[in-house]
């Protein structure tokens, strides 16, 4: 059984929403990949009694706790004091820590305020964690069953302390059996539809199935225990991917790591040495912005909705527009995006626009039609992504997926129209 771990964030700005707790999310991702089971994220404001109570609770229920924040020099930085009172450990002055803090100010030609002396006080029996990136050293100590590590709340400082000092310690203090995460990335399909598509597949009890929806994709996550046979893992992923069909644009965790949809399209366009001219309506320039710096995007223009001009057959109009651009453009492909719906509908979150995407290639026209609902920014984002997805589907149909590695130990598997690459 994996050791349990909690993440504890301290700061009034966190609990009031003034600061988004990105530290907890980042730490969770790191420790799960190491082999911990994260059981809780807790945030507490600058209240000493609340901090004391939480520390005491965690010490008896978790194997490990990572704490961020509250190590600064001001009166609202209470972490060291809370640990001292929670576990009856007097604060002791650390001369070396104080020297390091002084040196930080000397290097910047600044006078150290007296309040910074507080940052050199640590609970008895704790171990200092040096911080070369700021004035707040961290510290660690074992209390009961739980090993605590306290880090500053500034994300850049916290990440350096974790990677340089805490992660190596975790690997030596705990017996870790990291799980194997496979992420299937899809576009054009929602979580509930995915659940329905794969409902007939038997997911073993030992495999954890989860979903994550973001503005740019929906991810189906399969978390396998470390000792799960690789062949069985590949077979299960194949089954899920096959059921989701060409909605799948990338799979992470089977020997390769991919990026987002734009990254996949960029790889495919570069591999085929193709070029593109694009016309945007609903995406209003966002498609071009997402592909910023891509050498294959030769031109992009914004076109107002043709419905304002009395055009009713938008699909035919898109094809006509694409053919006209092809006559003058040096691009291999022309991608035209039009939509049905006026400006009022576009900005009404309760009404959907109908998106028409047409791709003109040497093989002819390829097209998709999608209803897109939600607030205007969502319609804009989805319009850009769905247009690029049409391009992605065409490229896969003529080239297949780009090989993610030159490693001779990568095995290629065809499944349900998809190509997977798996480490042998």
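Summary table below
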{"read-out": "Residue satisfying condition, being more than 30 Å from residue 264 (Cα to Cα), free of Cβ contacts under 8 Å to residues at least 60 places away in the same chain and touching a strand residue (DSSP E or B) at 6+ places or on another chain (Cβ under 8 Å), within set 142, 195, 119", "value": "142"}
{"read-out": "The listed residue being over 22 Å from residue 395 (Cβ atoms), assigned to a strand (DSSP E or B) and without any contact (Cβ under 8 Å) to a residue 24 or more places away in the chain, out of 371, 377", "value": "371"}
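Quick grid of which residues meet (1) crowded, with 20+ Cβ neighbours inside 10 Å; (2) within 23 Å of the chain's Cα centre (by Cα); (3) over 24 Å from residue 33 (Cβ atoms):
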{"position": "114", "(1), (2), (3)": "no, no, yes"}
{"position": "119", "(1), (2), (3)": "yes, no, yes"}
{"position": "123", "(1), (2), (3)": "yes, no, yes"}
{"position": "133", "(1), (2), (3)": "no, no, no"}
{"position": "145", "(1), (2), (3)": "no, no, no"}
{"position": "158", "(1), (2), (3)": "yes, yes, no"}
{"position": "176", "(1), (2), (3)": "no, no, no"}
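Just so you know, all these numbers are worked out from the coordinates, no wet-lab data involved. The shown structure was predicted, so the numbers you read here are calculated from the model rather than taken from an experiment. Positions of Cβ are backbone-derived with ideal geometry, glycine not excepted, and every protein chain shown enters the neighbour counts.
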